[in-house]
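These notes are about the structure you will find just below.
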Amino acid sequence: MEYRNSFLVAALLLLFSNSLPSLASPPNAVVAPVYLDTTKYLYTVSLGSGRNYLLDLGGHSVWSVCRRDRTHVTFPCKSQQCSLAAASSNSGDVSCHGHKCNIRVQNPITGRRAWSELTYTESAFKATNGSRAGKSLTFHNVMSSCAPPHPLMGLPAGSIGCLGLGGSNLDLEFQLTSLAKRFAFCLPLNDSKPGMIFFGDGPYYILPPGLVEATEYQSSAPMVRNPARPDDLFLPVKELEIVGYDLGKVSNTSVKGWTRISTQVPYTTLSTPLYKAMLKAFDNITRKIPPAPLVKPFGRCLNVSAFPRGTPPSLWDFLYIGPVVNLKMDGGDVWEFLNADNMKQVSHDVLCLTYLDGGPKPEDDIVIGLYQMKERLMLFDFEAKKIGISATNINYIHAYCGDFLARA
């Protein structure tokens, strides 16, 4: 499916030109808060009071449950809006029920699908110059759909639906037509402060203003699309390299197929052969540290209570005991995940490896999960067809994704 043909873009510009706020100088970007649900380890985006959506990198539309206390606009089957929805959706996912245009939506957590009525909604943001959040803006007439309640099962508490960001013309990054077709998010480490998601052009000063513009310190790789799975975003990873701080390279394994990026997988999963190579390398790297009883869902944990670096021990005291993981792409790009990205402190003196066994024959050899994306700026540029990741977890310099909106 070709999402970006000229007819669709022109039609969307016509449909949504009245949705933008009247501004003397329209912003280059807008920003909204992103919250971590610690119970499910999933992230939601807040687009106004009571309008929290699951962050869904593989979705192809915005949808929410219908409100019984409020009527909503619907569209006839032969309307221009319905034609746009059909052209932007998978085959068979748009139909008519009761002479109204309906789109089939999916809960990415449970896989449950439901027919929903095509409608309009509104989304609230803050304008931003990249350094801080500013004036409140509301975008009206954002095309979305209104679903029955049952697709909400499995989503974080308080969610009203899903915010699809897979690159369809029904996704928000394509509907905000005055802005560049790109978005970037910085996922918070915990639930004490929200992170943020930008729609539109940079700069993105996720650190204190004037200190560093995040995209200048990013590794980028081509955004790969699979026509058979048009909503998913992939990277052309060819090798998984595991490095020990004092051992050098201890494992370098070829990767079959493409690597998927997912906002529904809490921890990166590896096919069983890759996972076994990871465990072997991890055991070698941490051979001087006693193991700890396993903590679900992890397959390797360490007892660091006797480690001499600090009392009480914390993840930051053990930056040099875990693996460094490099994803090597076709074309030479490398994404590096440092020790703290690859281990999690689950109790006072236990650290666990944050990679899971995805099975012997998974659909994708590697699925990059949320834990490996946290506290980094992740950029998805649909115009340049690239995906960027900040070169390091910003916690290393005592900065946090939650600092940006706190500067408002």
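Quick notes on this structure:
- Filtering segment 287-318 to residues that are at pLDDT 90 or above and aromatic (Phe, Trp, Tyr) leaves only PHE298.
- Filtered by the rule that a residue be closer than 17 Å to LEU170 by Cβ, in contact (Cβ under 8 Å) with a residue 40 or more places away in the chain and not acidic (Asp, Glu), segment 108-133 gives PRO108, SER116, LEU118, THR119, TYR120, THR121, SER123.
- Candidates THR177, THR215, filtered to the one that is within 29 Å of ALA87 (Cβ to Cβ), β-branched (Val, Ile, Thr) and either modelled with pLDDT under 85 or surrounded by fewer than 21 Cβ atoms within 10 Å (Cβ to Cβ) (or both): THR177
- Answer residue from segment 82-96, given it is hydrophobic (A, V, I, L, M, F, W, C) and over 27 Å from the mean Cα position of the chain (by Cα) and is modelled with the highest pLDDT among those: CYS82
- Those residues of segment 86-139 which are of a type in the set (Gly, Ala, Ser) and closer than 30 Å to ALA406 by Cβ, in sequence order: SER123, ALA124, ALA127, GLY130, SER131, ALA133, GLY134, SER136
- Between HIS60, HIS99, HIS150, the distinction of being at pLDDT below 90 and on the phi > 0 side of the Ramachandran plot belongs to HIS99 only.
- With respect to the stated conditions, ILE321 is at pLDDT below 85 and closer than 19 Å to GLU336 by Cα.
- Top-ranked residue in segment 139-190 [being in a helix (DSSP H, G or I) and in contact (Cβ under 8 Å) with a residue 60 or more places away in the chain; ranked as farthest from PRO266 (Cα to Cα)]: GLN175
- Matching residues, segment 348-380, being surrounded by fewer than 20 Cβ atoms within 10 Å (Cβ to Cβ) and either at pLDDT below 90 or assigned to a loop (DSSP other than H, G, I, E, B) (or both): HIS348, ASP349, GLY359, PRO360, LYS361, PRO362, GLU363
- Wholly enclosed strands (runs of 3 or more DSSP E) of segment 22-103 bearing at least 2 residues out of contact with any Phe, Trp or Tyr (no Cβ under 8 Å at 6 or more places or on another chain) and touching a residue at least 40 places away in the same chain (Cβ under 8 Å): 52-56, 62-65
- Filter result for THR121 (crowded, with 22+ Cβ neighbours inside 10 Å and within 20 Å of GLY166 (Cα to Cα)): yes
The values are calculated or read from the model by the stated rules, or taken from the named source; none is laboratory data. Keep in mind that this is a model prediction, so the values were computed, not measured. A quick note on method: Cβ atoms are made from the backbone with ideal geometry, for glycine too, and the neighbour counts reach across all protein chains shown.
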